[in-house]
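Right, one structure below, let's go through it.
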Amino acid sequence: HPEKETKKDHLKLQPLIKETLKVVKDTIPSSIRMVHRIDKNTGWVMANPSQIHQVLLNLCVNAVHAMEKEGGELTVSLETQTIDPDSPSEVELPPGNYVKLTVSDTGQGIDPLIKDKIFSPYFTTKEKGKGTGLGLAVVHGIVKDHDGHIMVNSKPGQGTAFEVYFRESMTKDPENYYRDKMEAEQAVNGERVMIVEDDIKILNVMENLLIRNNYNVRPFLSSIEALETFTKAPDRIDLVLVDFDMPDKNGLSFAWEIKRLRPNLPVVLITGSDVSITSADLEQAGIKNILFKPVSSRELYQTSTNALAEQVVRSAG
């Protein structure tokens, strides 16, 4: 839907960056090391998630191309940057707080003679058949459409860094903004959600949010108990949210057992960002959606809605 593709909303960029980097990590050669420095405390931005995904993916692909012969290091960072009206700055943006996304490589750098042309449509240094050169022009267009700014720092032989600035959202309380918006939309119709989480505070918060949004919630503090209940009536659940770090049966094992009985049932895994879970682990457990703690109400709602929507599409297909 065209409107959906360009619609902007309040976003935290961290989960989106993590998901995009997972895609990149699966495709880069072993000669390239990936490093990320993501500040968890950067503010919200008004942005379109699929377009920001496109920006980051394009910049990462270009960085990989710059290092494909010699290898090197791809670094992605996210931080808050304040532009002070009284301090000189290279960035052509009004003063204020910005969320800065940087993608850098240790490749050969950009020739100063072509540096000013890299954002022009169809300008490319790639060999024939290796691409049209649309990548950076598209990135530039998306950033400008978000009232942001992109700049490049590069020296021959010393690598390249692309810095993208997005203005921090002025919404005082995005959590309440989303809660009110969700309640107004009432986008769901009593779908039955099983939540498996051993921390009772987190369980209560998730349960209350989903109940407020018209879901029918079945909460469980024990994955063994949840599995026993599910086994008795596997068709009475539409979506499962499960914490990875459960004491009796971890989230991946739980998901595998669930999928054995209902292969197409959407399962969302909830985990801390410090836990190492590979895409092979997720694939083996049949999990397509993952949420990182701390989970915001917006992320919980959006992921639950998306997982159910994907299920409807799969059923129709």
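Worth a mention:
- Listed residue pairs exceeding 31 Å between alpha carbons, taken from 7/201; 18/69; 18/259; 12/69: 7/201; 12/69
- Rolling a 1.4 Å probe over the protein heavy atoms gives segment 237-312 an accessible area of 44 Å² per residue.
- Filtered trypsin sites (Lys or Arg not before Pro), segment 1-73: DSSP coil and at most 11 other beta carbons within 10 Å: 40, 69
- Report note on the peptides 251-257, 200-206: ranked by the mean count of other C-beta atoms within 10 Å, highest first, their order is 251-257, 200-206.
- Shape category assigned to segment 215-280 from the gyration tensor of Cα positions, a/c cut at 1.5: prolate
The values are calculated or read from the model by the stated rules, or taken from the named source; none is laboratory data. Everything numeric here is computed off the predicted structure, so don't read it as measured data. Cβ sites come from the backbone with ideal geometry, for glycine too, and all protein chains shown count toward neighbours. The accessibility values were calculated without ligands, DNA or RNA, using every heavy atom of the protein model including side chains. Shrake-Rupley method; radii C 1.70, N 1.55, O 1.52, S 1.80 Å.
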